[in-house]
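Data first, discussion second: the structure below is written as structure tokens.
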């Protein structure tokens, strides 16, 4: 899987956040995080993203993005997206080592050669891996989101943009 970030930041629709700071505002800022699973992309809102980076000689060299993904988004977007991807792998080559491994881990009830959303959601490793570990909203539910982060490296590049106005304003 490959993660990428879209450039369409906006405000999340839930309105009962803990505090009114940029990190925990009433309508928290989010970015769309696209996680590639084969040919498809699973798009999840990464709430309250924070960026940390290091520069050397005025150029960006490495950094980290952190935020959280709600339990609801994990259950309703991410897990179904994984089930679709896993089934695509199995259908593409049912006898491959990867297909057999996926079926062995996820195709449990019933063992029918297909991987359901319920089978992915109830697989013990997935339950542990995707369990909420932070509280983002005050609604009495306790831990309601999964903390998520990734690091990146960057290199300096020079991009020459074409002129787009006749008067020279670029």
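Any read-out appearing in this document is the output of simple, stated calculations on the displayed coordinates, not a laboratory observation. Values in this document were obtained by computation on a predicted structure and should not be read as measured data. Neighbour counts run over all protein chains shown; Cβ positions are idealised from the backbone, glycine included.
The tail of the calculated P(r) for segment 66-122, taken as Cα-Cα distances beyond 13 Å, holds 58 percent of the pairs.
How would you rank 55, 122, 159, going from fewest to most other Cβ atoms within 10 Å of each one's own Cβ? Present the calculation step by step, with values, prior to reporting the outcome.
Working: 55 11, 122 14, 159 4.
The order, fewest Cβ neighbours first, is 159, 55, 122.
The gain in end-to-end length when the residue 139 to residue 105 segment is fully stretched comes to 8.8 nm, 0.36 nm per residue minus the alpha carbon separation.
Set the Förster distance to 30 Å, then compute FRET efficiency between residue 88 and residue 147 from the Cβ-Cβ distance, nearest 0.05.
Details: r = 29 Å, r/R0 = 0.95.
Efficiency, from the Cβ-Cβ distance: 0.55.
Here is the size of segment 60-170 from its Cα atoms: Rg then Dmax, 21.4, 68 Å.
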